[in-house]
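The values are calculated or read from the model by the stated rules, or taken from the named source; none is laboratory data. Keep in mind that what you see is a predicted model, and the values were worked out from it rather than measured. Cβ placement follows ideal geometry from the backbone for every residue including glycine, while neighbour counts extend to all protein chains displayed.
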Amino acid sequence: MKHTNYPTDLTDSQWELVKKHFPLQPARRGRPRTDLRAVLNAILYLQKTGCQWRLLPHDFPHWRTVYGWYARWRDDGTLRRLHADLVKQVRQRVGKQAQPTVGIIDSQTVKTSASGGASGYDAGKKTVGRKRFIVVDTLGLIWALAVTPADEAEQDGACLVIHETHEQATSLKTIYADSAYNRKGLPKWVRQTLGIQIEIVRKIARGFEVLPKRWIVERTFAWLNHDRRLSKDYERRTDSAEAMIHLGQIRRMLTRLTVN
């Protein structure tokens with residue numbers, strides 16, 4: 001069947017940037033080798049459009065094949081490694097060091113679908129669903145990500161992503177956060193344990209003001225909301241929810257790296 005060209009398909013130059021993460025697999029006797037570029041195109045299509053696995057267009061590989069490779073890449077860390085590789089490439093493309101010295105942390109609460117899986121009630125947002133904790137750099141690129149039930153305390157989610165960021169970026173010195181992260185001694189613990197200073201950015205009492213650095217992480221959350229698969233959390237597993245976020249960011253970074 002002739003393949004339709006979809007806007008989410010990888011260009012030749014984009015495939016050149018990522019193909020080292022998807023090495024050719026030996027063909028099974030009597031069966032043709034799977035086209036991994038076509039598989040990745042199918043996954044990116046699903047992530048952007050929000051369609052169900054079974055409803056992938058028929059000119060992609062069979063949905064069971066696509067899902068099988070997606071689950072493999074999710075579980076063996078391929079998607080995380082590709083995402084981390086592209087983050088550093090984007091930073092170097094704009095003249096920055098591969099690792100940041102400044103980060104910004106925040107969380108976003110989203111509703112979950114009826115598919116089940118871990119969820120909780122966020123009393124502050126009055127929402128049943130999950131929280132997305134992220135740490136981004138000054139370009140808005142994600143360095144650490146954790147999806148949890150929505151009743152996860154801010155300081156607990158913060159510990160997860162700050163630890164991950166510290167492992168990925170040993171040069172990190174400062175993380176900007178709002179007042180929700182100034183509780184239970186979190187800034188002191190992070191400073192003493194990891195050597196990272198948490199700077200609390202406080203909101204003004206009245207009126208509106210664009211808070212320094214804080215708008216960067218809000219813009220990243222807005223990028224996530226542009227993808228139908230991320231408009232709410234449709235995944236049964238939190239690691240799948242994280243993988244879908246990584247996929248959206250992978251697609252955006254590839255665009256940034258290959259735009260003329």
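Quick notes on this one:
- Helices (runs of 4 or more DSSP H) contained in the range 1-104 and holding at least 3 residues touching a Phe, Trp or Tyr at 6+ places or on another chain (Cβ under 9 Å): 36-49, 63-75, 78-93
- Residues (part of a helix (DSSP H, G or I), basic (K, R) and surrounded by fewer than 20 Cβ atoms within 10 Å (Cβ to Cβ)) located in the range 221-250: R228
- 3 or more residues under 21 Å from G248 (Cα atoms), of a type outside the set (S, T, N, Q) and at pLDDT 95 or above: qualifying strands (runs of 3 or more DSSP E) within the range 112-176: 127-136, 142-149
- When E218 is tested against (1) part of a loop (DSSP other than H, G, I, E, B); (2) more than 27 Å from Q52 (Cβ to Cβ), only condition (1) is not met.
- In the set (1) surrounded by fewer than 20 Cβ atoms within 10 Å (Cβ to Cβ); (2) within 19 Å of I104 (Cβ to Cβ); (3) modelled with pLDDT under 95, the condition left unmet by Y181 is number (1).
- Any hit, the range 148-166, residues being of a type in the set (D, E, K, R), farther than 28 Å from R74 by Cα, surrounded by fewer than 21 Cβ atoms within 10 Å (Cβ to Cβ) and outside the structural domain of Y67 (by TED's automatic domain parsing): no
- Matching entry among I175, I162 (being under 17 Å from the mean Cα position of the chain (by Cα) and touching a residue at least 12 places away in the same chain (Cβ under 8 Å)): I162
- Boolean, S107 is in a loop (DSSP other than H, G, I, E, B) and within 30 Å of C159 (Cα to Cα): no
- Set L160, L141: member being touching a helix residue (DSSP H, G or I) at 6+ places or on another chain (Cβ under 6 Å) and not basic (K, R): L141
- Identity of the residue in the range 173-188, out of contact with any strand residue (DSSP E or B) (no Cβ under 6 Å at 6 or more places or on another chain) and among the aliphatic types (A, V, I, L, M), that ends up nearest to I134 (Cα to Cα): A180
- For Q108, the test of being within 26 Å of T255 (Cβ to Cβ), touching a helix residue (DSSP H, G or I) at 6+ places or on another chain (Cβ under 8 Å), surrounded by 15 or more Cβ atoms within 10 Å (Cβ to Cβ) and of a type outside the set (D, E) is passed.
- Within the range 96-129, tally of residues that are touching a Leu at 6+ places or on another chain (Cβ under 9 Å) and polar (S, T, N, Q): 3
- The residue of the range 125-138 that is surrounded by the fewest Cβ atoms within 10 Å (Cβ to Cβ), among those that are farther than 13 Å from I105 by Cα and touching a residue at least 40 places away in the same chain (Cβ under 8 Å), is G129.
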